Amino acid sequence: MDTNPINYELIFEPDLKKFTFSGKETITIVCKKATKIISLHCSEIKINSCHVKSKGKIINSAAKTNEKKEELQITLKEKIKGKASIILEFQGILNDRLLGFYRSQYQQGGKTKYLATTQFEAADARRAFPCWDEPEAKATFDISIIADNKFTAISNMPVKSKAKLGGKTLYKFGKTPVMSTYLIYLGVGEWEYLTGKVGKTQIRVVTTRGNKSKGKFSLDLSKQLLVEYEKYFGIKYPLPKLDLIAVPDFAAGAMENWGAITFRETILLYDPKTSSTKTKQFIAEVISHEIAHQWFGNLVTMKWWNDLWLNESFATFMATKFVDKFYPEWDLWNQFVEDAMNIAMGLDSLKTTHPIDVKVNSPAEIREIFDAISYDKGGCILRMLEHYVGEPNFRKGLVKYLKDFKYKNAQGQDLWNAIGKASKMPVSSMVNSWLKQPGFPLVEIQQDDDKLLIKQNRYLLEADKKSSKGLWEIPLEIGLSNNTITKLFSKKSMSVKIPKSTLGFVANYGRKGFYRVKYDEGILLDLKMLVDQKQLLPIDRWAIQNDLFSLCISGNEQVQNYLDFSDAYYDEDSYLASINVAHNLASLYLRAFDE
Ligand SMILES: [Zn+2]
């Protein structure tokens, strides 16, 4: 970009009767080259006045909006270079489409009430103020909001000063750190606050009136999470406050606006009397996900939307990791294998799948491009990577990455390089073999005494020659009775020696790898005994039959073999394994019944 924003001074005045807002804006910019045209993003906004000031004088200019291009173009009478400012006055709509600056409607005491809130990711900040609305165009923001006295106002930073203007109040918020536009937040409503503190950081759960008591679980958990994340990342939470805001009308589950996270009410408010444990778990995971973003995403931001999958998969991966620390009894990682991994493998074994890493031309394509394959498979790849390099190396690389790129933008490749350096392992080529090609492998194993013959091929539900290509760098971990053998398996085939006395082994130990395994008949017989005697981890007991069943569906195995093998689960006491076996048997029954 030849013209860069440095700072935005913004004053918003929403009108919750007419559902409009007016805005005043001064953008400090730097033009690297002499220029006569300045283009910025702008949509559904009426510009009332526009001036450009350079070197102390007003430059004659004409401003024109282009709704199709979502652009405001300012044409100057003479060229400017270096520092300048754009001074704008404009009018916008508090829409009811749950994006940009919008109104949210709710009922209270039989009355319809409104509040104003924002949702800017991916590219809707431009509906609230003209700006360079791309993640890489980071700047600082001085935000002010003028609101009726019955309301209070919230933004990313704490209130710096408050002044009465007749029936209204002017809230001035502190200057933000350098940040992306999609993370800006504006909120005006009849809020109620439940407040806590961690060190010097103020944490609040913000709700509509009468609901704050239901924010206690979320507030307590957020306090714990903030402490743990600070420790893990080795970087203090970068802002003076963190708000968790429950919004009655909200499109996504939650949004990680820096210092002002918004949630669907049902995902933030927990009533111990009426909410289930499942709800509690979901609330915990979403809060953990959004707090992880405060570092990964907000402090260090993706360069462009093609890395959105990494932003999201990473936050989900961290979320599970940290909630698991507080609630080990929820068995989250095994649930992850049963849910996210199972879903991702199901979709990724179809011919119609796509690689995680794809080109994104415009933010409008995001919804089409990113799906469970991107996010769930993405999470599986991160988990596999952490296991491959080991937790300390993974963390070391991550911390280095966050420190090197803080207040800046980075790409996935920067993270792989950092973890590669920390671990001295071939991380980049390993990870990219999973990101850049579609699908995932089936690892076939035949045992010849103390020698294992191992092959890899793409796993497809319906195999055909055209789509069967692929070669992955597979972190193989073979679980023996009291140790494991690890190998990076990056060729079509290889052989591995195991101790002579080995009686049964698991090839994808702990189900850390994103691949399926096909064992030969002899190995399966040994495994059947080990499953029956519960000598394997519950997740491996789950995985062996899950793979076997999937192989029956894709025609790689006889259904009879699955039925024989399922005998071993007669006494199964693990919830996930029992449920999956029952589910698979029921599905076979239904298929047989249809025939
Ligand atoms: Zn997220």
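The values are calculated or read from the model by the stated rules, or taken from the named source; none is laboratory data. Everything numeric in this text was worked out from a predicted model, so none of it was measured. Here the Cβ positions follow ideal geometry from the backbone for every residue, glycine too, while neighbour counts run over all protein chains shown. What goes into the accessible areas is simple: the full protein's heavy atoms, side chains included, and nothing from ligands, DNA or RNA. Shrake-Rupley method; radii C 1.70, N 1.55, O 1.52, S 1.80 Å.
Ala284 passes every criterion in (1) open to solvent by less than 10 Å² (accessible area, probe 1.4 Å); (2) in contact (Cβ under 8 Å) with a residue 40 or more places away in the chain; (3) within 14 Å of the ligand (Cβ to nearest atom) apart from (3). The C-beta contact set for region 128-155 (first residue without any contact (Cβ under 8 Å) to a residue 60 or more places away in the chain, second residue open to solvent by 20 Å² or more (accessible area, probe 1.4 Å) and part of a loop (DSSP other than H, G, I, E, B), distance under 6 angstrom, 6+ apart or interchain) comprises Asn149/Gly167. Taking the criterion of being on the phi > 0 side of the Ramachandran plot and surrounded by 14 or more Cβ atoms within 10 Å (Cβ to Cβ), the only residue of region 436-464 that qualifies is Gly439. Considering only region 194-217, I want to know if a residue exists there that is among the hydroxyl-bearing types (Ser, Thr, Tyr), within 16 Å of the ligand (Cβ to nearest atom), open to solvent by less than 50 Å² (accessible area, probe 1.4 Å) and within 29 Å of Gly109 (Cα to Cα). Looking through region 194-217, none of the residues is among the hydroxyl-bearing types (Ser, Thr, Tyr), within 16 Å of the ligand (Cβ to nearest atom), open to solvent by less than 50 Å² (accessible area, probe 1.4 Å) and within 29 Å of Gly109 (Cα to Cα). Residues in region 512-549 that are among the small types (Gly, Ala, Ser) and open to solvent by less than 20 Å² (accessible area, probe 1.4 Å): Gly513, Ala543. The set of residues from region 531-547 being among the aliphatic types (A, V, I, L, M) and not in a helix (DSSP H, G or I) comprises Leu536, Leu537. In summary, strands (runs of 3 or more DSSP E) completely within region 406-460 and bearing 2 or more residues that are in contact with a strand residue (DSSP E or B) (Cβ under 6 Å, 6 or more places away or on another chain) and within 30 Å of Met179 (Cβ to Cβ) occur at 408-410. Scan region 327-347 and give yes if some residue there is farther than 21 Å from Ile579 by Cβ and either in contact with a Lys or Arg (Cβ under 8 Å, 6 or more places away or on another chain) or surrounded by fewer than 22 Cβ atoms within 10 Å (Cβ to Cβ) (or both), otherwise no. No - not one qualifying residue is present in region 327-347. Contact annotation: residue pairs with Cβ atoms under 6 Å, 6 or more positions apart or on different chains, pairing a residue in region 296-309 that is open to solvent by less than 10 Å² (accessible area, probe 1.4 Å) with a partner that is among the aliphatic types (A, V, I, L, M) and away from the ligand (no atom under 14 Å from the Cβ), are Val300/Leu402; Val300/Ala410; Trp305/Val360; Trp309/Ile356. When restricted to residues that are away from the ligand (no atom under 16 Å from the Cβ) and of a type in the set (Gly, Ala, Ser), region 232-276 contains 4. Residue pairs whose Cβ atoms lie under 9 Å apart, separated by 6 or more positions or on different chains, with the first residue in region 208-229 and of a type in the set (Phe, Trp, Tyr) and assigned to a helix (DSSP H, G or I) and the second modelled with pLDDT under 95 and open to solvent by 60 Å² or more (accessible area, probe 1.4 Å), are Phe217/Pro272. Got at least one residue in region 15-36 being in contact (Cβ under 8 Å) with a residue 40 or more places away in the chain, open to solvent by 40 Å² or more (accessible area, probe 1.4 Å) and touching a helix residue (DSSP H, G or I) at 6+ places or on another chain (Cβ under 9 Å)? The answer is no, given that none of the residues of region 15-36 is in contact (Cβ under 8 Å) with a residue 40 or more places away in the chain, open to solvent by 40 Å² or more (accessible area, probe 1.4 Å) and touching a helix residue (DSSP H, G or I) at 6+ places or on another chain (Cβ under 9 Å).
Matching residues to (1) in contact (Cβ under 8 Å) with a residue 12 or more places away in the chain; (2) open to solvent by 30 Å² or more (accessible area, probe 1.4 Å); (3) under 21 Å from Lys408 (Cβ atoms):
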position	(1), (2), (3)
Tyr237	yes, no, yes
Leu242	yes, no, no
Ala251	yes, yes, no
Met255	yes, no, no
Ala260	yes, no, no
Phe263	yes, no, no
Leu269	yes, no, no
Pro272	yes, yes, no
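Checked against the criterion of being in a helix (DSSP H, G or I), modelled with pLDDT of 95 or more and within 16 Å of the ligand (Cβ to nearest atom), region 380-389 has at least one qualifying residue.
Against the test of being in contact with a helix residue (DSSP H, G or I) (Cβ under 6 Å, 6 or more places away or on another chain) and either at pLDDT 95 or above or within 14 Å of Ile445 (Cα to Cα) (or both), the options Ser566, Ser550, Ser495, Ser578 yield a single qualifying residue, Ser566.
Per the listing Ser467, Ser501, Ser481, the residue uniquely at pLDDT below 95, part of a loop (DSSP other than H, G, I, E, B), open to solvent by less than 30 Å² (accessible area, probe 1.4 Å) and out of contact with any Leu (no Cβ under 6 Å at 6 or more places or on another chain) is Ser467.
Selection of region 239-290 for residues being aromatic (Phe, Trp, Tyr) and in a helix (DSSP H, G or I) yields only Phe282. Restricting to region 58-83, count the residues that are surrounded by 12 or more Cβ atoms within 10 Å (Cβ to Cβ), touching a residue at least 12 places away in the same chain (Cβ under 8 Å), within 37 Å of the chain's Cα centre (by Cα) and farther than 19 Å from Thr26 by Cα. Total meeting the criteria: 1. The set of residues in region 565-595 being free of Cβ contacts under 8 Å to residues at least 24 places away in the same chain, surrounded by 13 or more Cβ atoms within 10 Å (Cβ to Cβ) and more than 35 Å from the chain's Cα centre (by Cα) consists of Ser566 alone. If you go through region 184-193 and keep only what is in a strand (DSSP E or B) and buried (at least 22 other Cβ atoms within 10 Å of the Cβ), you end up with Leu186, Gly187, Val188, Gly189. If the condition is being of a type in the set (D, E, K, R) and within 14 Å of Tyr102 (Cβ to Cβ), then region 242-263 contributes only Asp249.
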